[in-house]
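The values are calculated or read from the model by the stated rules, or taken from the named source; none is laboratory data. Treat the numbers as computed from the prediction; the structure is a model and nothing was measured. Neighbour counts run over all protein chains shown; Cβ positions are idealised from the backbone, glycine included. Note: accessible area is taken over every heavy atom of the protein model, side chains too, but ligands, DNA and RNA are not part of it. Shrake-Rupley method; radii C 1.70, N 1.55, O 1.52, S 1.80 Å.
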Amino acid sequence: RMFADVLSVVAMAYSDAGEEACESLKFRLEGSANAEGDLPTKDKLIDLDPWGQEYARSLMGEVTRAWHSLEDREKGKRDEVAAKDADAPSAVEYQKVVDRSSLEHLVDSIVPFQLKHSCEPDAVDLLLEVEHLEKLGQHIDEHNYGRVCLYLLSSCHFLPPPEDRMVLECAYKLYTQVKQYP
């Protein structure tokens, strides 16, 4: 498992397969949950500190791509089932599918790492991409709420109508969570 972790870091820098391959993510999911080599569990977050900020940022991009790929695959299956005849063979390619719970576990590990290292915009963007902005409240304290809320308020102007309201409501909840009232 530790070897897969090291391969994940190496794949980030030296992958020939291209950006879409998500090799770093593949090795990360096969690797251990933390630097001690413990098995991955839902209760224990992945320790990204030994691997550094650039690795976490790269992993964020691959998680986002995998999340969107998973959504596209699910949408494609729904469309295919709706359009499929009873006699027609299935055209779905059988691939090893990254499950949503593994990606959510990685997101739950990346967000506190990013907030701890003053990368609040990256953490907020990741949660917006995977549509779990409500998880932000678990990681906010009196030290980082200002930067997070400022980024939320600034970014809401660039989001489409249903999402902009969600972002504003999230900022409101975060302000009230840390008892900062206007």
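In segment 153-182, how many are part of a helix (DSSP H, G or I) and in contact with a Phe, Trp or Tyr (Cβ under 8 Å, 6 or more places away or on another chain)?
Counting residues in segment 153-182 that are part of a helix (DSSP H, G or I) and in contact with a Phe, Trp or Tyr (Cβ under 8 Å, 6 or more places away or on another chain) gives 3.
Among GLY76, GLY146, which is at pLDDT below 90 and open to solvent by less than 40 Å² (accessible area, probe 1.4 Å)?
Selected residue: GLY76, the only one of GLY76, GLY146 that is at pLDDT below 90 and open to solvent by less than 40 Å² (accessible area, probe 1.4 Å).
What residue, among those in segment 160-182 that are without any contact (Cβ under 8 Å) to a residue 12 or more places away in the chain and not charged (D, E, K, R), is most open to solvent (accessible area, probe 1.4 Å)?
PRO182
Under 9 Å between Cβ atoms, at least 6 apart or on separate chains: pull out the pairs that start in segment 89-114 with a residue that is at pLDDT below 85 and end on any residue that is in a loop (DSSP other than H, G, I, E, B).
Pairs found: SER90/LYS84; ALA91/LYS84; VAL98/CYS22.
Would you call SER155 of a type in the set (S, T, N, Q) and surrounded by 16 or more Cβ atoms within 10 Å (Cβ to Cβ)?
In short, yes.
Out of (1) within 20 Å of the chain's Cα centre (by Cα); (2) at pLDDT below 95, the odd one out for LEU152 is which?
Every listed condition holds for LEU152 apart from (2).
Could you tell me which numbered condition GLU54 fails, if it satisfies all but one of (1) farther than 18 Å from VAL130 by Cα; (2) at pLDDT below 85; (3) surrounded by fewer than 15 Cβ atoms within 10 Å (Cβ to Cβ)?
Among (1) farther than 18 Å from VAL130 by Cα; (2) at pLDDT below 85; (3) surrounded by fewer than 15 Cβ atoms within 10 Å (Cβ to Cβ), GLU54 violates only (2).
ASP125 - would you say it is open to solvent by less than 70 Å² (accessible area, probe 1.4 Å) and modelled with pLDDT under 95?
Spelling it out, it is not the case that ASP125 is open to solvent by less than 70 Å² (accessible area, probe 1.4 Å) and modelled with pLDDT under 95.
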